[in-house]
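What follows draws every value from the coordinates through simple rules; no lab data is involved. Every value quoted in this text rests on a predicted model; they were computed, and no experiment measured them. Cβ coordinates were reconstructed from backbone atoms using ideal geometry, including for glycine residues, and neighbour counts include every protein chain displayed.
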């Protein structure tokens, strides 16, 4: 029995089997191709259905193989833990005013815990900052069942599966785009600001915004820390897009990103969204 249980624990979490926060069930539709990703994303009636469908996607064979291999082999520090091993859904309320877009889940972070930016150093930085500026209820995010809640903020990734060497291909990015497009469409009535973490996510965002019907510039704006682009629509409203260096270990260890820099961008986002007061960089 012990051997069987160990083998089961090394497989990806079965939808609907009781993992905290699992949005899917055994009846959730699964995408196996890019065409099916586009169809199932477009047909999601709300963010709950969207999260469920993206969390069982199998459209990119390389990513499926990698995320499941990592879940089976595990890192020594987490050898006794069960890994999620599936695409990581978006996290946050359906009426978010702030959207944070990252690159992809970490192999031993989101791919382990089942929550984006959770269980790794980048997530430690992000959630601590979100808490400091009033956009998260807890200063940490360690597991899917830890009680963390975001305040009018939703966190997503350009690619929903952990990629080898943290480098998705352009094809994988493009296949995954439909999930991001639908997130943007469903948030249209409440969304006020998008914070983009890193150049990869910045590149991925603009075609997704265009497909979702947002008024984007004819030429893609240049990415940089604290970059700011305002997308005005015909009604006089607008969506603000803010660039932010990714809080990766490489960036935080070298000082390219400091806690003050991250706080400044997120506090600015909160201010734009009417959730706080924008602050200067530190």
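What to note about this one:
- Across the stretch 2-272, the convex hull enclosing all Cα atoms gives 121 Å³ per residue.
- Multiplying the residue separation of residue 146 and residue 132 by 0.36 nm and subtracting their alpha-carbon distance yields 3.2 nm.
- Using alpha-carbon coordinates, inclination of helix 259-272 to the longest axis of the chain, degrees: 70
- Stretched out straight at 0.36 nm per residue, the stretch from residue 227 to residue 17 would grow longer than its current Cα-Cα span by 71.3 nm.
- Alpha carbon centroid spacing (whole Å) that separates the stretch 16-39 from the stretch 114-153: 24
- Across the chain, C-alpha contacts under 8 Å between residues 6 or more apart give a mean separation that, scaled by the residue count, equals a relative contact order of 17 percent.
- Helix-only [θ]222 nm of the chain, DSSP H runs n ≥ 4, -39500 (n - 2.57) each, per residue, nearest 500: -11000 deg cm²/dmol
- For the pair residue 220 and residue 256, a Förster radius of 25 Å applied to the C-beta separation gives a FRET efficiency near 0.65, rounded to the nearest 0.05.
- Rounded if a/c under 1.5, otherwise prolate or oblate - the stretch 88-226, Cα gyration tensor axes: oblate
- Rounded if a/c under 1.5, otherwise prolate or oblate - the stretch 1-145, Cα gyration tensor axes: oblate
- Taking label positions 7 Å along the Cα-Cβ direction at both residue 78 and residue 167, the computed distance is 2.2 nm, reported to one decimal.
- Taking Cα atoms only, the orientation of helix 199-211 departs from the longest principal axis of the chain by about 80 degrees.
- Cβ-derived FRET efficiency at R0 22 Å, residue 249 paired with residue 94, nearest 0.05: 0.10
- Shape of the stretch 171-216, Cα gyration tensor, a/c cut at 1.5: oblate
- To the nearest ten degrees, helix 121-132 and the longest principal axis of the Cα atoms of the chain are 50 degrees apart.
- Label-to-label distance, residue 30 versus residue 10, with points set 7 angstrom from Cα along the beta-carbon direction: 2.1 nm.
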